[in-house]
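Remarks on the structure that follows.
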Amino acid sequence: MIRAVKQRGVKTLEADAGRVVPELQRALEHVLMTLPGPPTRPRDLVNGLGIHHSLAWKITRIASGADPMGNAQFIPGRAGMDLFLDAAVKAGARGKSVEAVREAFARFRALIDSHAGDR
C-alpha cells in the first residue's frame with residue numbers, strides 16, 4: 001500500500017514538473033530576448049547585467065537547453081532568481097516578461113514545496 005502511494009507521488013511530480021519547468025524555461029528565454037543585444041552566452045549576461053558567472057551560466061543553460069527537465073537541476077534558488085531579474089529590469093527587460101518569470105518561478109517553488117516539503 002505504501003509503495004503504491006509513493007509511485008503515484010512520483011508520477012504526479014513528473015507530470016507537474018513536465019508542465020511547470022518548460023513554462024519557466026520559455027519565460028526565461030523571453031526575458032533574455034527582451035534585453036538589449038539579446039545575450040546568447042553566459043559571458044554576455046555577466047558583462048551586461050553584472051551578475052556572477054555561475055548564475056549567468058545557470059540562466060543561459062535553462063533558457064536555451066534542449067531538455068528542460070534535465071536542466072531543472074540548474075534552476076537557481078529564490079535569491080539567485082531575484083538577483084537575475086532585478087539586474088534584467090535595470091538593463092531594460094520588459095516588465096511583462098519579468099513578471100511572467102516571477103509567476104513561473106513561483107509555480108516551480110510551489111511544486112518543490114508540495115512534493116519535497118522541507119527535505
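Every read-out reported here was derived from the displayed coordinates using simple, explicitly stated rules and does not represent laboratory data. Treat the numbers as computed from the prediction; the structure is a model and nothing was measured. Note that we place each Cβ from the backbone using ideal geometry, even for glycine, and neighbour counts take in every protein chain shown.
Applying the criteria of a DSSP loop state and at most 12 other Cβ atoms within 10 Å to the GluC sites (Glu not before Pro) of segment 18-119 yields no site.
Hey, what number do you get for the chain at 222 nm if only DSSP H runs of n ≥ 4 count, each worth -39500 (n - 2.57), divided across all residues, to the nearest 500?
Details: 6 runs with 93 residues, N = 119.
Computed ellipticity for the chain at 222 nm equals -26000 deg cm²/dmol.
Taken about its Cα centre, the chain carries a charge dipole of roughly 240 debye when the Cβ of each Lys and Arg holds +1 and the Cβ of each Asp and Glu holds -1.
Taking the chain as a Gaussian network, where each spring joins two C-alpha atoms under 10 Å apart, which residue of 28, 45, 83 fluctuates the most? Among 28, 45, 83, the largest GNM mean-square fluctuation belongs to 83.
Within segment 12-43, find all residues whose amide N lies under 20 Å from a label point positioned 7 Å from the Cα of residue 103 along Cα-to-beta-carbon. Residues 16-35 qualify, since their backbone N sits under 20 Å from the label point. Computed over the chain with a Gaussian network model linking Cα atoms closer than 10 Å, the most mobile of 31, 89, 21 is 89.
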